[in-house]
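Beneath this line is the structure, given in structure tokens, with notes to follow.
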Amino acid sequence: MASSKTITVEVDDVSYTDNVEPRLLLVQYLRERLGKTGTLIGCDTTNCGACTVHLDGVSVKSCTMFAVQADGHNVTTIEGLARDGKLAPLQQAFHECHALQCGFCTPGMIMQSASLLAENPHPTEKEIRDGLEGNLCRCTGYQNIVAAVQAAADGTVSADSTVSADSDETETAGVA
Amino acid sequence: MTIAEVGRARLRKEDAHLITGRSRYTDNMTLPGMLHLAMVRSPFAHAKITSIDASAAKSSPGVVAVLTGADVAAQQGSLPNAWPITPEQKAPAHPAIAVDAVAFAGEVVACIIARSAAAARDAVELVDVSYEELPVVLDLEEALKDEVLAHPDLGTNKSATWIFDSGEAGTGKAISEALEGAEVLIERTFYQQRLIPAFMEPRSTVVDPTGEQITVWSATQIPHILRLMLALTLGIPESKVRVIAPDVGGGFGGKLQVTPEEAITVLAARHTGKPCKYTETRSESLMAAHHGRAQVQKVKLSATKEGIVTGLDVHLLADMGAYLGLVTSGVPILGAFMYNSIYKFPAYRFECTNLFTNKAWTDAYRGAGRPEATFAIERLMDELAVELGIDPLEVRKKNWITHEEFPFTTVAGLEYDSGNYEAATAKAVELFGYDELRAEQALRREANDPVQLGIGISTFTEMCGLAPSRVLGALSYAAGGWEHAQVRVLPTGNIEVVTGSSAHGQGHETAWSQLVADRLGVPFENVEVLHGDTQTSQRGLDTYGSRSLTVGGMAVLAAADKVIEKAKVVAAHMMEASEEDIEFTEGKFSVKGTDQSTALGEIAFAAFSAHNLPDGFEPNLDSDATFDPQNFSFPHGTHLAAMEVDTETGQVTIRKYVCVDDVGVVVNPLIVEGQVHGGLAQGIAQALYEEAVHDDAGTLVTGSFVDYLVPSAPDLPHFTTARTETPSTTNQLGAKGVGEAGTIASTPAIVNGVLDAVRHLGVTDIKMPCTPSRVWAALEEAKTTGGVQ
């Protein structure tokens, strides 16, 4: 076993210094060492995107990076997205558009969507679908995820978005 | 007047923790001193185990113990099959860890227990297993010959044969008459390829053996059934087992199982006396979690020259894989009642042969038997239309049950309580622009456009709300089909609802809150729904078969009604009135003809303090109810797909997809819509993308998400969904179930659409999935066989 290395990584605004095995994946470091279990593992082959986080503001699949490669970098996970008890617009949009069911793909979907909107603030439906190609969802058929990204881009999500919001309603979606 | 909660598009209570990363999936859990497991799996599909040398693994850094099948042979029992479909059904013993032989590639032969997941996985490669390879049987037609046996000890590959004959059952005529007298006979063979449920959360189990009870957290759809079955399989008193399904990342039938890995994690925890965790990798999940579909359907449909169907004869070969899982053997039987679908066939015969092969075992996957049946009949109705040269919608109209004819007893013996196929179809045709698309299709054909247009139709119904316990008993299923609920009234008047139907993405917390808010007249926000833990939810039969609302929801309503009855007694006492004079509306108990009233919250506190209750009144408003349905429910719908096929490349594109589903009364349209979308995606995936492929040695070739093509966002279109609402008459709410509808209807709609685009070029069938290479090959073959007209 190779000797461990010392890394310093800023994750969700907190700086961590740790000794890690060189083979430790970034996602394992987040989950097992930092307890950041909001970031999930869905495959072994970089296909599903459940582990998507931001590295210096750009989306990466944290199963495809070693923790040592994040040394000196800034990582944002789903747990660092809400600010001051306020949901990020995409989080609120996923809630309002019913863009999640089991929720397992959701952290990766939201992080990838955020990166997509940072690159292209006003994407078409096709651009959203193409931009999410690397993130798999088995529950939603993607339609409401696309709608959520569109809503976040259009700024049509509710401004009053507290982390515990669960009593909002919409009467528009899904009515025959 | 408060707004009715039922029918309201409430945003989900479940979302807050899931969108912020505060999720509680099993693999997120760490317990003090927890050990980690990794499985050694057979690379061979069929082999004798001649020896296992685990000495190197045992001395690997961090390894605590290694368990082989021989080590646990006395404790591990045999994993359960709860559905012996015939008294003669054959089934091999199914040890969690193989002892003498393996029957599919991926079967567990040893388990490493180590201090970290990485140490456990490192040691997997150090276990030296010697195998003596045996010949494999992989194909159903080959399995039927009994030349190569998946389990030589059984002496045959045939597990069971199950027959339904309408002539013998007295539900219709004999099929022989219909086939002999057929003016038109359509004979086809359809292949339901093997699929993998591919839930996004890999299966994971944590077992803590350190308390009075063994506590099992597992990514399961069925905590209650799992508790009972683990106890029976491993010989542990049921009272000493607690099962918790925390957040569960999808199931689709794939987590309706009692798995070897769950049993092994319990064995490892008991062996070490320490908490143990096992989380599978995705490749392990694809290889060894149960698969679905995998049937060959040989079907004959007889009809008159006018297109009236006179009979349907089905011969099914169903691939069990290597073992019988929890309901493996019963999946084809769930389909047996649905081949006649929405139609009035006078004669029907179904014969199914369940066969063993050396592949991962099959079991429930979204729809379980019903998508296969619907595919066959909807493909046949299109074939009949082509044969007679009439519009495929017309053929369906000639044969379907009209809305005046309900309740209708079908040739398969089910009583359909309600439905309106005309209304759903009319709405779908209008939304789709059927006539315009037919006109465009004709133009493209005439112009010999390289991109041809096809219109795919599928109508469907399904039996949902599994299930009346007596019916399950008559079909030899081991358990019942009831569901349990408890409604607890806290001293503050807040409500806790305990449901036995354990959700994994379906939104029970939101929908059940709506049900109870309406019934008890309390705010939606004041209702908390608890589920998925056998300690808080003592009784339940869990979530599958679109049963949660139609069975579990009815139990919730029945429990709420009992609360009202109890509260009336207290209300009468408090207001010094007689019970008969108490009326309950919108959360208030009032005395008829007066302005006196008291709220549920006040009664709850009175019951809690118990200072002044009627003599003999038990100071408690909490109520339990167990609901056993008297019949299934029968959602239906009409799905239309406009398919573009590039005849030069074989590329298939969904241009438009319209579905109108009738799922009865809807509690939450947002959730219903989401269920339809997800169902469509999985049904379309069967038609166009997914297939579990094995090589000649029985190794899964599609063993990762690189090769097993779960569709991503660009692979799917925007769906146009709508509803008609014909309430079910067999439950008080009028709900029918929605979990499987999209999956059942979309597969034949897509394939019918692809064929409709290229049929004039001589293509009459394409095996699923209709990949570009298969479509292109079919077009090329049609050219060489002179199929072009």
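Points worth noting:
- Computed lengthening from B:Asp615 to B:Ala169, 0.36 nm per intervening residue step minus Cα-Cα distance: 155.0 nm
- Pairwise label distance in nanometres, B:Glu180 with B:Gln732, each label 7 Å out on the Cα-Cβ vector: 5.3 nm
- Label-point gap, in nm, between B:Asp624 and B:Glu141 - each point 7 angstrom along Cα→Cβ: 5.5 nm
- Kirkwood Rh, angstrom, the range B:507-556 [1 / mean 1/r, Cα pairs]: 11.6 Å
- Taking 17 Å as the cut-off, the amide N atoms of the range B:388-419 that come nearer than this to a point 7 Å along the Cα-to-beta-carbon line of B:Thr304 belong to B:388-390, B:394-402.
- Working ranking of peptides B:337-345, A:114-122, B:635-643, B:717-725 by packing, defined as the average number of other Cβ atoms within 10 Å per residue, highest first, is B:635-643, B:337-345, B:717-725, A:114-122.
- The protein assembly as shown - charge dipole about Cα centre, Lys and Arg +1 at Cβ, Asp and Glu -1, debye rounded to 20: 1240 debye
- A protection proxy built from the mean count of other Cβ atoms within 10 Å ranks the segments B:278-289, A:138-149, most packed first, as A:138-149, B:278-289.
- Cα centroid separation, the range B:438-510 to the range B:323-360: 19 Å.
- Per-residue mean of foreign Cβ neighbours for B:706-716 is 6 (Cβ atoms of other chains, 10 Å radius).
- Given A:Lys36/A:Lys126; B:Lys656/B:Lys767; B:Lys255/B:Lys767; B:Lys298/B:Lys398; B:Lys13/B:Lys427, the pairs whose alpha carbons are separated by over 26 Å: A:Lys36/A:Lys126; B:Lys255/B:Lys767; B:Lys13/B:Lys427
- Dipole magnitude for the range B:467-627: computed about the Cα centre from +1 point charges on Lys and Arg Cβ and -1 point charges on Asp and Glu Cβ, it is near 560 debye.
- Distant alpha-carbon pairs in the range B:467-627 (separation over 27 angstrom), percent: 30 percent
- Projecting the Cα atoms of B:Gly753, B:Ala511, B:Ala160 onto the charge dipole of the protein assembly as shown, computed from C-beta unit charges around the Cα centre, puts B:Ala160 farthest toward the positive end.
- Where only alpha carbons of the protein assembly as shown are counted, the Rg and the Dmax (Å): 28.2, 91
- The antiparallel fraction among DSSP beta bridges confined to the protein assembly as shown stands at about 80%.
- Average beta-carbon neighbours from other chains, 10 Å sphere, peptide A:33-40: 4
- Fully extending the segment from B:Leu431 to B:Glu88 would add 118.4 nm, taking 0.36 nm per residue of separation and subtracting the current Cα-Cα distance.
- Residues A:Thr46 and B:Thr402, FRET efficiency given R0 of 51 Å [Cβ-Cβ distance, rounded to 0.05]: 0.45
- Across all Cα atoms of the range B:669-776, the radius of gyration (one decimal) and Dmax (whole number) stand at 17.3, 53 Å.
- Ordering B:165-178, B:610-623 by mean Cβ neighbour count within 10 Å, with the highest value first, yields B:165-178, B:610-623.
- Backbone N within the range A:125-143 under 19 Å of label point (7 Å from B:His718 Cα along the Cβ vector): A:125-133, A:140-143
- P(r) for the range B:315-391, from all Cα pairs and a bin width of 5 Å, is 3, 15, 22, 22, 15, 11, 7, 4, 2, 0 %, short bins first.
- If you bin all the Cα-Cα distances of chain B at 20 Å, starting from zero, the percentages per bin are 16, 46, 31, 7, 0.
- Contact order relative to length of chain A, as percent, for alpha carbon pairs under 8 angstrom and 6 or more apart: 22 percent
- Cα centroid separation - the range B:1-52 against the range B:740-789, whole Å: 38 Å
- Cα lying deepest toward the dipole's positive end in the protein assembly as shown, options B:Thr272, B:Thr785, B:Ile175, charges on Cβ: B:Thr272
- Beyond 27 Å, the tail of the calculated P(r) for the range B:1-148 holds 47 percent of the Cα pairs.
- Ranking A:Tyr16, A:Leu26, A:Gln101 by Cα position along the charge dipole of chain A, where only Lys, Arg, Asp and Glu carry charges on their C-beta atoms, puts A:Leu26 farthest toward the positive end.
- If only the Cβ of Lys and Arg carry +1 and only the Cβ of Asp and Glu carry -1, the dipole of chain B around its Cα centre is close to 940 debye.
- Considering helices alone, the calculated mean residue ellipticity of chain B at 222 nm is -9000 deg cm²/dmol, with DSSP H runs of length four and up weighted by -39500 (n - 2.57) and normalised per residue.
- Formal net charge of residues neighbouring B:Ser712 (Cβ-Cβ distance under 9 Å; K, R +1; D, E -1): -1
Throughout, read-outs are computed from the coordinates displayed, never taken from laboratory work. Here the structure is a predicted model, which means the values were calculated and not measured. Neighbour counts are summed over all protein chains in view; Cβ atoms, including those assigned to glycine, are modelled from backbone coordinates with ideal geometry.
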